[in-house]
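The values are calculated or read from the model by the stated rules, or taken from the named source; none is laboratory data. Everything numeric in this text was worked out from a predicted model, so none of it was measured. All Cβ positions, glycine included, derive from the backbone under ideal geometry; neighbour counts span all protein chains shown.
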Amino acid sequence: MNDNKNTRVVVGMSGGVDSSVTALLLKEQGYDVIGIFMKNWDDTDDDGFCTATEDYEDVIRVCNQLDIPYFAVNFEKQYWDKVFSYFLDEYKKGRTPNPDVMCNKEIKFKAFLDHALSLGADYVATGHYAQLRRTNGKIELLRGVDTNKDQTYFLNQLSSDVLEKVMFPLGHLPKSDVRKIAETHGLATAKKKDSTGICFIGERDFKTFLSEYLPAQPGRMTTMDGVDKGEHDGLMYYTIGQRQGLGIGGPGGPWFVVGKNLEENVLYVEAGENNPYLSSDALLASDVNFVNSIQDKTFKATAKFRYRQRDSGVTVTQQTDGRLYVSFDDEEKAVTPGQAVVFYQGDVCLGGATIDEVYKDGQRLDYLG
Amino acid sequence: METIYFDHAATTPLHPEVINKMTDVMKQNYGNPSSIHQYGRHARKVVDEARRVIAQSIKADERDIIFTSGGTEADNLAVVGTALKYRDKGKHIITTNIEHHAVLDSCHYLETIGFDVTYLPVNTKGVVELDDVKQALRDDTILVSIMMVNNEVGSIQPIEDIGALIKDHQAYFHTDAVQAYGIMPMDVNKLGVDLLTLTAHKINGPKGIGALYKKHDVKLQARHFGGEQERKRRPGTENIVGIVGFKSAVELIHGTELHRNAHYQRIKKLFFNELNTLSNVCVNSELDETSPLILNVSFLGTHIEQVLMNLDLEGILVSSGSACTAGAMESSHVLTAIYGEQSERTKSAIRFSFGINHSDENIKEAARRVKQVIERLRKLNN
């Protein structure tokens, strides 16, 4: 069944080393490979400089090296409507959104996938560090072999229907090997620095960026008991568990953000890493997606509440309203509304949901915002 | 699968005869036309001959032809060069909002240094109204720049009428004629233009060589510095190989304009009639009163990017208006000017442009593949 050359794979290419090697590996395996660059954000500055243009130039260089066709598609409107609007709305609500999860759900594995299918693609491939296991018509999402790079957290909203049309050729490789492959083949992007942070913000300062879209409303910073600790720059700039940038001096620190009062525009801070206000033992989550539906009303799993966290033991209960009640084996620190909770059994990523409410001893921690 | 090229408005294949002439000069004539020895004279002779042939093809004086690196540079030199030279006589410029970016961006630049530019709209056929030009003229207008044939939809502008209209006005008149050259006989005197842009690579000549016709009494501020070439208006060692290729291409088409026009009208109609068996195909601008080399159609219910890529994968090479910007497609400014940015037409417009390798057979084959792609995409998009 070696008809790779009749299997068309459209690779989402960002101009980075990971997607470059993705295209290279597929080309070496004999697939009919097409590279497509997605332009989702316009950051053209006053001098006409645009990082997307630079990145697309790199895509062109690599595709020419691999001798595969390349195109660019523009999803700026979809990105704005589906990802950026959500991102701003969440901040307005005092939550901490995860635009990468939304981008995968709405853009890379929806708008882009649809586009690729319209080009007669059998699969789309990306440079995500995740694996897919296809057995007897069933498809499962597995963590990437490189546990440090594993990106299943961001892929938690993809269903098996979508994943059937997906390939993650890098999932079985450690990042260092990917670099090596790029260097061995002399790919134009072999030495390119990995991008960091949220794609549309890039290297810019997060606060400055956000303030261009949402008016900053400075207010008071107090302890949970109301002791004034100074001024905050605007609630949206802070996330639960944040330690940096509070500007609180004196003894008794370090200080942490433990909550927000949106109505009164107050940021709650408390001292000490093990401050009880930071800990919780359960959560309620919506926007539930399981890669493959799960019949059991209640099941055991491990979970991540943020990217790159270690797994924690949890018990998940599927409620009749479609939401999930997740109780933790041990107390957790700084579980934050707006972030994704992602479930695993062993190496299998079961799916995930968005954290809405956080509980401790049966009480909702409404100070989390 | 035969690849069929439909992007002649972007560029054309070199005519074999042009290649021969260019290789000959590459082998035999490498002198610098500015050198005072015999090799210099040999090279200079070639440049002079080419200049004469090109001048004659538009009924101009050979002294009024300035070689440039192509259409963009000629447009830049015409617009910016004139504006800067005559800024003391006024700072107002008139153009249209369907010009090539070589003109539009020159105007945008001039606006940043204090010039005032009027961008005229066009009617539903993509043609500027004479009355609008008349209304826009002011005492301080120094330049009117309006293209002869639009590169995206093929609409033909009333250049001769505009020329007559501003004959007694101080404003100079520039027209970008790169898409018109070769399909209509051209006489700069009859047209009433002071400046006219030409390029070789749209008429099966080489890339990297173009010309600006500049009536002798028009003065230009140079955009390049450093030599006496082109009488200082465009210094830099002459691109002799390109110039020879340009000349050869002109020789091949000059005198055959009307014949070519009729031939491509037939090809264009044939292709359109084949396509028109699909439902919801709209011709943008007009089928008949436009350039026979350009057919811009919207396949309602599809998206440009999707169609372009699919046609490419099926071996049909087309484009959508101007080349893409920043690695991604932006709405065509020409279709936006005619139909609005949000129009279904603007979002689904594809430009087919015709050229020397088209035959009835491959035109029909191309139409068959296009129809297949469009039908598949429409089904998918529903």
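B:R345 falls short on exactly one of the conditions (1) more than 14 Å from every other protein chain (Cβ to nearest Cβ); (2) surrounded by fewer than 22 Cβ atoms within 10 Å (Cβ to Cβ); (3) outside any helix (DSSP H, G or I), and that condition is (3).
Condition check: in contact with a Gly (Cβ under 7 Å, 6 or more places away or on another chain) and aromatic (F, W, Y). Does B:F115 satisfy that? Let's see the steps before the verdict.
Values: in contact with a Gly (Cβ under 7 Å, 6 or more places away or on another chain): no; aromatic (F, W, Y): yes.
No: the conditions fail for B:F115.
The criterion of at least 1 residues that are within 14 Å of chain B (Cβ to nearest Cβ) is met by the following helices (runs of 4 or more DSSP H) wholly inside region A:62-105: A:76-79. Scanning region A:277-298 for residues that are over 26 Å from A:G241 (Cβ atoms) and in contact (Cβ under 8 Å) with a residue 40 or more places away in the chain yields a total of 4.
When B:G81, B:G114 are checked against the criterion of being over 29 Å from B:F354 (Cβ atoms), of a type in the set (G, A, S) and assigned to a helix (DSSP H, G or I), B:G81 stands alone in meeting it.
Please work out if A:R220 is charged (D, E, K, R) and touching a residue at least 24 places away in the same chain (Cβ under 8 Å). Explain how you work it out, then say what you get.
Values: charged (D, E, K, R): yes; touching a residue at least 24 places away in the same chain (Cβ under 8 Å): yes.
Spelling it out, A:R220 is indeed charged (D, E, K, R) and touching a residue at least 24 places away in the same chain (Cβ under 8 Å).
Only residues that are within 19 Å of A:A121 (Cβ to Cβ) and surrounded by fewer than 24 Cβ atoms within 10 Å (Cβ to Cβ) were counted across region A:52-64, and they come to 0.
Scanning region A:235-252 for residues that are free of Cβ contacts under 8 Å to residues at least 24 places away in the same chain and more than 14 Å from A:L278 (Cβ to Cβ) yields A:Q244, A:G245, A:G247, A:G249, A:G250, A:P251, A:G252. Only residues that are over 21 Å from A:T152 (Cβ atoms) and crowded, with 23+ Cβ neighbours inside 10 Å: list them for region A:103-120, please. Hit for region A:103-120 is A:A116, nothing else. Within this structure, A:F112 passes the test of being outside any strand (DSSP E or B) and within 14 Å of another protein chain (Cβ to nearest Cβ). Checking B:D88, B:D75, B:D61 one by one, the residue that is crowded, with 22+ Cβ neighbours inside 10 Å, among the charged types (D, E, K, R), in the same structural domain as B:T199 (by TED's automatic domain parsing) and closer than 30 Å to B:S106 by Cα is B:D75 and no other. Consider only pairs whose beta carbons are under 9 Å apart and that are at least six residues apart or on different chains; among these, list those whose first residue lies in region B:282-296 and is farther than 14 Å from B:Q179 by Cα and whose second residue is outside any strand (DSSP E or B) and among the basic types (K, R). Here the result reads B:C282/B:R345; B:N284/B:R345; B:S285/B:K125; B:E286/B:K125; B:L287/B:K268; B:L287/B:K269; B:D288/B:K269; B:E289/B:K125, each pair linking region B:282-296 to a residue that is outside any strand (DSSP E or B) and among the basic types (K, R).
Take A:T196 and decide whether it is hydroxyl-bearing (S, T, Y), at pLDDT 95 or above and closer than 29 Å to A:D58 by Cβ. Explain how you work it out, then say what you get.
Details: hydroxyl-bearing (S, T, Y): yes; at pLDDT 95 or above: no; closer than 29 Å to A:D58 by Cβ: yes.
Taking the combined requirement at face value, the residue does not satisfy it.
Just one of the listed residues (B:G242, B:G236, B:G340) is farther than 30 Å from B:F67 by Cα and either surrounded by fewer than 17 Cβ atoms within 10 Å (Cβ to Cβ) or not β-branched (V, I, T) (or both), namely B:G340.
Table: residues versus (1) more than 17 Å from the chain's Cα centre (by Cα); (2) aliphatic (A, V, I, L, M); (3) not assigned by TED's automatic domain parsing to the domain that holds A:P174.
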{"site": "A:D42", "(1), (2), (3)": "yes, no, no"}
{"site": "A:T96", "(1), (2), (3)": "no, no, no"}
{"site": "A:I107", "(1), (2), (3)": "no, yes, no"}
{"site": "A:H115", "(1), (2), (3)": "yes, no, no"}
{"site": "A:A130", "(1), (2), (3)": "no, yes, no"}
{"site": "A:D150", "(1), (2), (3)": "no, no, no"}
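Note on region B:348-382: among residues that are within 13 Å of another protein chain (Cβ to nearest Cβ) and of a type in the set (S, T, N, Q), the one that is surrounded by the fewest Cβ atoms within 10 Å (Cβ to Cβ) is B:N382. Scan region B:317-327 and tell me whether some residue there is at pLDDT 95 or above and more than 9 Å from chain A (Cβ to nearest Cβ). Yes, region B:317-327 has at least one match. How about region B:287-316: which of its residues are of a type in the set (S, T, N, Q) and within 14 Å of another protein chain (Cβ to nearest Cβ)? Answer for region B:287-316, where residues must be of a type in the set (S, T, N, Q) and within 14 Å of another protein chain (Cβ to nearest Cβ): B:T302, B:Q306, B:N310. Contact map, region A:78-106: first residue among the small types (G, A, S), second residue part of a helix (DSSP H, G or I), Cβ cut-off under 9 Å, separation 6 or more or different chains; pairs are A:G94/A:L235; A:G94/A:M236; A:G94/A:L368. Quick one: how many residues across region A:302-324 are small (G, A, S) and buried (at least 16 other Cβ atoms within 10 Å of the Cβ)? Looking only at that region, the number is 2. Among the residues of region A:33-43, those that are over 28 Å from A:K5 (Cα atoms) and either more than 10 Å from chain B (Cβ to nearest Cβ) or β-branched (V, I, T) (or both) comprise A:W41, A:D43.
Given the condition surrounded by 14 or more Cβ atoms within 10 Å (Cβ to Cβ), touching a strand residue (DSSP E or B) at 6+ places or on another chain (Cβ under 9 Å) and under 30 Å from B:L295 (Cβ atoms), answer yes or no: does some residue in region B:16-36 qualify? No, every residue in region B:16-36 fails to be surrounded by 14 or more Cβ atoms within 10 Å (Cβ to Cβ), touching a strand residue (DSSP E or B) at 6+ places or on another chain (Cβ under 9 Å) and under 30 Å from B:L295 (Cβ atoms). If you go through region A:44-51 one residue at a time, do you hit one that is buried (at least 16 other Cβ atoms within 10 Å of the Cβ) and either over 22 Å from A:A111 (Cα atoms) or within 11 Å of chain B (Cβ to nearest Cβ) (or both)? Among the residues of region A:44-51, at least one is buried (at least 16 other Cβ atoms within 10 Å of the Cβ) and either over 22 Å from A:A111 (Cα atoms) or within 11 Å of chain B (Cβ to nearest Cβ) (or both), which makes the answer yes.
Selection within region A:264-279: residues that are closer than 13 Å to A:R220 by Cβ and of a type outside the set (F, W, Y). The member of this set that is surrounded by the fewest Cβ atoms within 10 Å (Cβ to Cβ) is A:E264.
So if I check each of B:N280, B:N284, B:N273, which one is more than 14 Å from every other protein chain (Cβ to nearest Cβ), surrounded by fewer than 16 Cβ atoms within 10 Å (Cβ to Cβ), closer than 19 Å to B:L377 by Cβ and not β-branched (V, I, T)? Spell out the reasoning first.
Values: B:N284 fails: surrounded by fewer than 16 Cβ atoms within 10 Å (Cβ to Cβ); B:N273 fails: closer than 19 Å to B:L377 by Cβ.
Going through B:N280, B:N284, B:N273 in turn, just one is more than 14 Å from every other protein chain (Cβ to nearest Cβ), surrounded by fewer than 16 Cβ atoms within 10 Å (Cβ to Cβ), closer than 19 Å to B:L377 by Cβ and not β-branched (V, I, T): B:N280.
Within region A:141-165, residues that are β-branched (V, I, T) sit with their Cβ atoms under 7 Å from residues that are not in a loop (DSSP other than H, G, I, E, B), at 6+ positions apart or across chains, in these pairs: A:T152/A:A130; A:T152/A:L141; A:T152/A:R143; A:T152/A:V342; A:T152/A:C349; A:V162/A:F109; A:V162/A:L113.
Suppose we keep only residues that are of a type in the set (S, T, N, Q) and in a strand (DSSP E or B) within region A:317-363. Which one would you say is farthest from A:G259 (Cα to Cα)? Only one residue fits best here, namely A:Q345. All of (1) over 22 Å from B:L311 (Cα atoms); (2) part of a strand (DSSP E or B) hold for A:I34 with one exception: (1).
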